[in-house]
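Heads up: the structure comes next, in structure tokens.
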């Protein structure tokens, strides 16, 4: 077999898990983990509080037996929001496993997943670059990927857990997709599927940014390695195209299977997004027009804490890293003439990295105003989010300084490699730190969540039926009153029924309502209705598809018939109202599946069966 690159020879000679340079790389990545190991938490970082309370809410639902949550009952001051129906849940699912089964606290669980994302992203980049550029190149590429300033910005300043975890999946997808294209097998197809699904379930935002990048990369690979230029197939255009298609089948099938594995999330996310108000996330301080990066900021030594602000005077740094960029340029210059076919693969990374930087900078602002293209770019919300792809592209280029063509095939630790390692780590060493502070909202609790939402105007998303975003609620009053009275732990509300509703007043003679059972995703009520005019029970929860109401045949009984849920016509909250039948009885309001959610679950289940079959078949084939 003719190896298309030197990295594949090393991959075949030394299994990845036995590669000492991999373990050295993982050990060196621990310097980036160290800031998370100190006591306390960086509560003031951009999204640090968000992720603790995302986990807190995830755990609230798990306590009620909901291991795949979609509705977050305590967001929007307790009116509820379908957060995990539109936001990738995987990173918080991992944190919940630590909290639920390991007894790890909310803060410690989030910090642990942050640390895992750092080490795992180093391993993924090492595996990818080792497969085509050798072990020494892989060490440098992986360390640049970990210590490039934009990655550290995501970790310590933005504190965005989902995007930090997404950086693990990007090189893993590139590695498995490349191997599936060059050496098709069931194992590599399964790897592509798992990695691609992992990205979707972690950050659907990064997924949409990355997919065009991946598509272009696969196109380059297939043109380089799957287009026959010699032999009988090269003489016929039809045979050449068929040879190209055959090579594309393995990675293509893997990507489709990845979509199937993650369908339980993305099908309802796409089809039910229309029922969520998104204007609040793209207007005002979120307007992309004020968040382009200026050229000088790429090299500015300024590194601060805070949030991105309109204009060039951001309190935080958007530097791309002088060391990373210098190594990438040197690698290109020194290795280009010796790369053979690989030069076009490398050229793709150079072009993609420049493009990702350009669209995030003030220079590329005009592109965001072009129809269709502007819509695609706007998925990022903030222009500088495209820098994740720049970091992904620059890292393999930086590794080229230790390409086997330049190091004369050296594969072990030596002085040149140690020198470059020291340069990469020491250049970012001043940036390795977090600002530890105390939580202004107090301990993690329902009262703390209400205070956080009020003080930051965050986690107050609303559904399409809400006309005006609420600024407070009766539920928030209930939680804060417990905190002021020194009660602990803070108890959840026992009902979401609006007993004080003026449109349908309760007199307990002709109309009575009483809550019988309540948790995060259901409430059962007893009703007594002797009025001739239409009466409704009003729930302090936003309306959203998935909520259904049933008339029961008795307390905790079986459904007799479904009752309509009518979004509130008066006021601005769009709460759920349920018409009350005449007489007395019991009504159950519960949150469940919709058509898209059922379709996604079925497709994911079928994909899991197919994935398991592929893994077993690959194992049997290898044994034989």
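The values are calculated or read from the model by the stated rules, or taken from the named source; none is laboratory data. Everything numeric in this text was worked out from a predicted model, so none of it was measured. FYI the Cβ positions are ideal-geometry reconstructions off the backbone, even for glycines, and counts take in every protein chain you see.
Structural remarks
- Residue check for residue 163: surrounded by fewer than 24 Cβ atoms within 10 Å (Cβ to Cβ) and in the same structural domain as residue 415 (by TED's automatic domain parsing): yes
- Unique residue being touching a helix residue (DSSP H, G or I) at 6+ places or on another chain (Cβ under 6 Å), assigned by TED's automatic domain parsing to the domain that holds residue 352, modelled with pLDDT under 95 and not in a loop (DSSP other than H, G, I, E, B) when the list is 198, 187: 187
- Count of residues meeting criterion [modelled with pLDDT of 95 or more and surrounded by 20 or more Cβ atoms within 10 Å (Cβ to Cβ)] in region 445-459: 5
- Qualifying residue in region 477-490 (condition: part of a strand (DSSP E or B) and within 24 Å of residue 76 (Cα to Cα)): no
- Restricting attention to region 271-309 and to residues that are closer than 30 Å to residue 602 by Cα and touching a residue at least 60 places away in the same chain (Cβ under 8 Å), the residue that is surrounded by the fewest Cβ atoms within 10 Å (Cβ to Cβ) turns out to be 274.
- Odd one out for residue 159 among (1) in contact with a helix residue (DSSP H, G or I) (Cβ under 7 Å, 6 or more places away or on another chain); (2) in contact (Cβ under 8 Å) with a residue 60 or more places away in the chain; (3) in a helix (DSSP H, G or I): (3)
- Just one of the listed residues (333, 372) is free of Cβ contacts under 8 Å to residues at least 40 places away in the same chain and on the phi > 0 side of the Ramachandran plot, and it is 372.
- Selection count, region 516-540, where residues are in contact (Cβ under 8 Å) with a residue 12 or more places away in the chain and more than 24 Å from residue 593 (Cβ to Cβ): 10
- Unmet requirement for residue 419, which otherwise passes all of (1) loosely packed, with under 14 Cβ neighbours inside 10 Å; (2) at pLDDT below 95: (2)
- Condition broken by residue 141, with the remaining ones in (1) touching a residue at least 40 places away in the same chain (Cβ under 8 Å); (2) surrounded by fewer than 22 Cβ atoms within 10 Å (Cβ to Cβ); (3) touching a helix residue (DSSP H, G or I) at 6+ places or on another chain (Cβ under 9 Å) satisfied: (2)
- Just one of (1) in a helix (DSSP H, G or I); (2) crowded, with 22+ Cβ neighbours inside 10 Å fails for residue 544. It is (1).
- Some residue of region 504-512 being outside any loop (DSSP other than H, G, I, E, B), farther than 23 Å from residue 59 by Cα and touching a strand residue (DSSP E or B) at 6+ places or on another chain (Cβ under 6 Å): yes
- Residue in region 397-415 that is under 26 Å from the mean Cα position of the chain (by Cα) and either without any contact (Cβ under 8 Å) to a residue 40 or more places away in the chain or farther than 21 Å from residue 427 by Cβ (or both) present: no
- Any hit, region 211-220, residues being at pLDDT 95 or above, under 22 Å from residue 600 (Cα atoms) and part of a helix (DSSP H, G or I): yes
- Residue check, residue 219 surrounded by fewer than 24 Cβ atoms within 10 Å (Cβ to Cβ), closer than 28 Å to residue 47 by Cα and out of contact with any strand residue (DSSP E or B) (no Cβ under 6 Å at 6 or more places or on another chain): no
- Residue count for region 334-361, restricted to those that are loosely packed, with under 14 Cβ neighbours inside 10 Å and either at pLDDT below 95 or assigned to a loop (DSSP other than H, G, I, E, B) (or both): 5.
- Any hit, region 424-432, residues being free of Cβ contacts under 8 Å to residues at least 40 places away in the same chain and either surrounded by fewer than 18 Cβ atoms within 10 Å (Cβ to Cβ) or over 30 Å from residue 571 (Cβ atoms) (or both): yes
- Candidate set: region 67-102, residues that are out of contact with any helix residue (DSSP H, G or I) (no Cβ under 9 Å at 6 or more places or on another chain) and not in a helix (DSSP H, G or I); chosen: the one farthest from residue 205 (Cα to Cα): 80
- Condition met for residue 103 (without any contact (Cβ under 8 Å) to a residue 12 or more places away in the chain, more than 15 Å from the chain's Cα centre (by Cα) and over 30 Å from residue 607 (Cα atoms)): yes
- Being within 19 Å of residue 160 (Cα to Cα), out of contact with any strand residue (DSSP E or B) (no Cβ under 8 Å at 6 or more places or on another chain) and not assigned by TED's automatic domain parsing to the domain that holds residue 154 is a property that residue 441 lacks.
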